[in-house]
Structures are given as structure tokens and as C-alpha cells.
1. Which residues' amide hydrogens lie under 5 Å from the amide hydrogen of residue 52, considering only partners 5 or more residues apart or on another chain, with H built in the peptide plane?
2. How much mean residue ellipticity at 222 nm does the chain get from its helices, if each DSSP H run of length 4 or more adds -39500 (n - 2.57) and you divide by all residues, to the nearest 500 deg cm²/dmol?
3. Taking amide hydrogens as modeled 1.01 Å from N in the peptide plane, which residues meet the under 5 Å criterion relative to residue 158, leaving out close sequence neighbours?
4. Before anything else, pin down the relative contact order of segment 1-141: Cα pairs under 8 Å, at least 6 apart, normalised by residue count, whole percent.
5. How about the chain: what cysteines have no other cysteine beta carbon under 4.7 Å from their own?
6. So what does residue 552 come to for accessible area, using a 1.4 Å probe and Å² rounded to 10?
7. Please report the relative contact order for the chain, taking Cα pairs under 8 Å with a sequence separation of at least 6, and give it as a percent rounded to a whole number.
8. Any idea how far the Cα center of segment 434-454 sits from the one of segment 385-408, in Å?
Amino acid sequence: MAHPRKRPEELRSHRWFGAKDLRAFGHRSRTLQMGYSREDFAGKPVIAILNTWSDINPCHAHFRTRAEEVKRGVWQAGGFPLEMPAIALAEPFQKPSTMLYRNLLAMETEELLRSYPVDGVVLMGGCDKTTPALIMGATSMNLPAIYVPAGPMLRGNWHGEHLGSGTDSWKYWAELRAGTIDEQAWQEVESGIARSFGHCMVMGTASTMTSVAETLGLTLPGAASIPAADANHPRMATESGRRVVDMVWEDLRPAEILTPAAFDNAITVVHALSGSTNAIIHLVAMAGRAGIDLKLERFDELARTTPVLANVQPAGKYLMEDFYYAGGLRALLANLNGKLNLGCRTVNGMALGQNIEGARTYNEDVIRNRGNPVSAIGGLAVLRGNLAPDGAVIKPTAAEPRLLKHIGAAVVFRDYNHMAARIDDENLKVDADSVIVLQNAGPLGGPGMPEWGQLPIPKKLLREGVRDMVRISDARMSGTSYGACVLHVAPESYLGGPLALVKDGDRIELDVERRRLQLHVDDAELMRRRRLWQPPAPHYARGYGALYAKHITQANQGCDFDFMHAGAPTPDPEIH
Ligand code: FES
């Protein structure tokens, strides 16, 4: 729907800068104090640049200069840019998990926008949780918003071989533990696997979520695939700055873009990319902020009819740099023609279908067409059964096919430390058919639902050549990982979900085709175990952790805080 262009007096920031009273005098005089002239801000849309740069986030190392490039675009279009730092959520460093803090960044985003004189916003993120967090907050605030994705880093390199973020660390870590590479080789891999700024360059959570942002219509067309170090990236940043100013005058807000049809498009693309399992949790949470009740079943329905077209690690062969040269996300979207709602509106004011007109594929092995898919059906499956009454997920494309229908005896670890202490014990009763179970790794149990779901293969089995096993937990898994890992089991074991009742030797059945996850223990015995079950001690007595523990929802509900879902809009602050 086209809106009449706003007048300057209708800008939200007019209440701060345009009023004729003492408070506005203070706002203007303090802006002038920073060296700006009246011409810089009077009657202009104020554009917040929410920048998740930090010295501790290597994926966003270029955001200091990118923010300047965004500002250039805002100035060019007649806006007034104000950069505002927001928590960086640096995946490689933050413990126990950045997921513990996703909702904190979402709240920070919303409250920065609410409490300051902001008319429109440029969201700068990319490292895993930053994308959903920034979008969740901006959706709740519903001011004109555009997303600038950090872009993937360059391909890793070791002895002329391409290395993928995370994916090849898991691979070579297993080889080091198996004794097939030495410490020297391991250190060389360490030096070569991340060699430029930008987010992980496999189809992990970062690339999946920035592709989701583009598909939802929140970035300029083509933005998500541009490598961070490519000169097209700063050009995209500047253009995003220019565009958001017009979005303010046009009053184009997330609520018009984030429709159920747009979320269906995003889910379809996650499947076609064989994207990260984390996308399921984030999309449910993002949709919740837009007032859309997204069920796990929708992911499964669309998976059954969506082919995997991206041949990118960890499910495929190539890396994001190859994906970009092959045509990028626009090419993949064009190849999905017929599976997408092309009428969905996007931040440039055009429909998704218009944005992908003319997109071409330049390497048909990297971005497949529908006649030659990597896999005929999507990359994620939702499981149910007495072990996961509220659902669990698996990425079948990243697992050894023989394990997708499997029955084995459980080897149970009560928490991560228990597992770390015992997994390589030569006396551990485990074989290649065992099912490894980790308890207390969910949203509350972890806490923060850490990415522990790719449980390690016991060393003695690695030596025998075993490289995949069925593994089950209520944790998440890094989008860079692979293996027959059943994740996000809900309700989680920390709350006494059925996963808490599993004991060593119990038979567990996984049947991906029938979407089934079953614990073969009779109900009477499960009832007996439930009566004996003791809830674990709380992790936090105070502070953010205690707030988190009180309000976090389960994986199938998106792990948002229960009080953050869409509802009556929060009023703007009064000016006094
Ligand atoms: Fe930042 Fe992977 S560590 S995206």
C-alpha cells in the first residue's frame, strides 16, 4: 500500500527537535554541542544506525567503516544519521552461549529506538544471533527499518584446499583425535580457516539468517550474499543508508513487509539452502514479534516440497564466496520460481518477484536448478514421538543416510561436564549403533541452549573409522555442523521432559521418513522414573540470568521471552 509522503512536522523526531519549548531547546542545543549545524538535522529524518561492532566480534570487524558508509548514504538522501552501538553477540567468545543474550539485544534494539528521537533505522548485524535479535526488536518497534548484513568472510585456505568455518574445524578436530593429522597441521588449519572480516562463510546460522532477512524483504536485493571484503559491500551499505531515508518519508514499516506469506518464503529458502537448524527457532521468534503464530509443522510441510538447491557446506560442497559468484541468493530465489510468494513487498518498495527479475545462475553446480537438486526434499525435518512430545528437529541432509532409520541403545550423559569427562573413556559401553543422549542442555538447562548438539564421537570409535552416530539432545547445533544429531527436543529435560527419564541401555528409535522419535520404554516404567525425578538446582539467583530463567519459552515456541510477543503497542515516551 503506497502512503502519501510524510511532511517534516509528522516525523517522530519532530517531537524532540521541532517543538517550541524548553525541552526541545535542550535537545537542539545538545545536538549543536556535537558540532552539527541546524542544517544538518532541522526537518530531516533521524536515522539510527544500530551497530553491533565490537573489538571482540571478528565477524563485524569492518562495521566501524561500514557505519561511515551507511552515514554517507543517509546524508546523500537528506537524512540525519546517528550511530548507536548495540551489544555485539560475538559467537566465538560469549559463554555459555550467545543464545542466552539474543533476547537482550532484541530488547536493547527496541528500547534504543523507542527512547531516542528515531524516525528510521539501519540494522547492522550478521554474526549468528545478531540478525534475529535486531529484527525482533525492530519488528516490535515497527519503525521503517533496513538490514545491512555483515557479509560472509573469504574462503578459508590450507595447502591450497578451501576451508569452511566451523565445518572444517569439526572435521579436522575429529582427524586430530583419530591421529590422522598432527599438531603442526592442526595449527596450520587454525591460521587459515578465518582469513578476513565477515561472518562464517558456510551455510551456517549467519548465512542462513542473513538470507532469511533478504528473503523476508528486509535488505536490498542481493545484499546477503556479498562477501564482506568485496567492494560491492560498502556500496550496498551506502545504498541502504540512502534508501532508509525514503522509507521514512514513505512510512514503509516492517509490519507491511513481515506477512505470513513472507515467512513462508523465508522457510522455503531455509530448506532450499539446507540452512541451519537454528533458523527454526529464530523464525518462530521473529514471526511471534510480527503477531504470526508459526508452528513447527509449517517447516515440515514446506520441507517436503522444497528441493535443496544450494550446494554449500555443511550439507554441500562449496562456500559462500562461490555462492556469490554463482549468482547469489537472487539466483537461488529465481530458481525457486513457483515456490515463492512473489508479491511480497520489500524494503526497496518493490515486490520480491520484481527484485529477482533477470537473476541468472553462473555456476549450476553451486546453485542447482530444480531439475538437478542437491536433494529432492528440504534440508530439515521435524520429529515427534514420546521422547519429544512438543517436537525435535534434525538436518537429514547433513547425516549419514544409513542413520536416518535406526534403533539403538542409549548412552546417557546427565550434562555437558559429565559427557566431557566420560566420552573418551576406553571402558565406556558404546558402539557404532549406540544412541548418544545429552540431558540438561536446553534453553533453561544449558542455560541458553548452547550449540552442544553435535556430541562428539567417542575416540575409540573414531579410531575404528566411525564418523557419524545418532545423537539426541535438547541443545542446538552450530549451523556449521553436520551429523545425525536430533536437536531442540521439547519439552527440555531440565523441566522434566521425557528426555530427562532416559537411562543407559534404553532402546531409542529414529525414523526420519516417518518423522518419529520414540523411546521404547513402557509407560508404567516411565511413570515410575518420573516420580523419582528431581528438578536440577536453578542456575541463577539474580540479574539477567534470573529474568531469563523466569520468562524464556521452549524451543518450539522460539525461545523468546513470554512477555515480548506481539500485543498492544507500547506507547512512545511522553516528552517532558
Ligand atoms: Fe560470527 Fe560464525 S562466528 S558468524
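The values are calculated or read from the model by the stated rules, or taken from the named source; none is laboratory data. Just so it is clear, the structure is predicted and the values come from calculations on it, not from any experiment. Positions of Cβ are backbone-derived with ideal geometry, glycine not excepted, and every protein chain shown enters the neighbour counts. For accessibility, only protein heavy atoms count, side chains too; no ligands or nucleic acids. Shrake-Rupley method; radii C 1.70, N 1.55, O 1.52, S 1.80 Å.
1. Under 5 Å from the amide H of residue 52 lie the amide H atoms of 86, 124, each far enough along the sequence or on another chain.
2. -10000 deg cm²/dmol
3. Close amide H contacts, sequence-distant or interchain: 163.
4. 27 percent
5. Unpaired cysteines in the chain: 200, 344, 485, 559.
6. Surface accessible to solvent at residue 552 totals approximately 20 Å².
7. 14 percent
8. So the separation of the two Cα centres works out to 15 Å.
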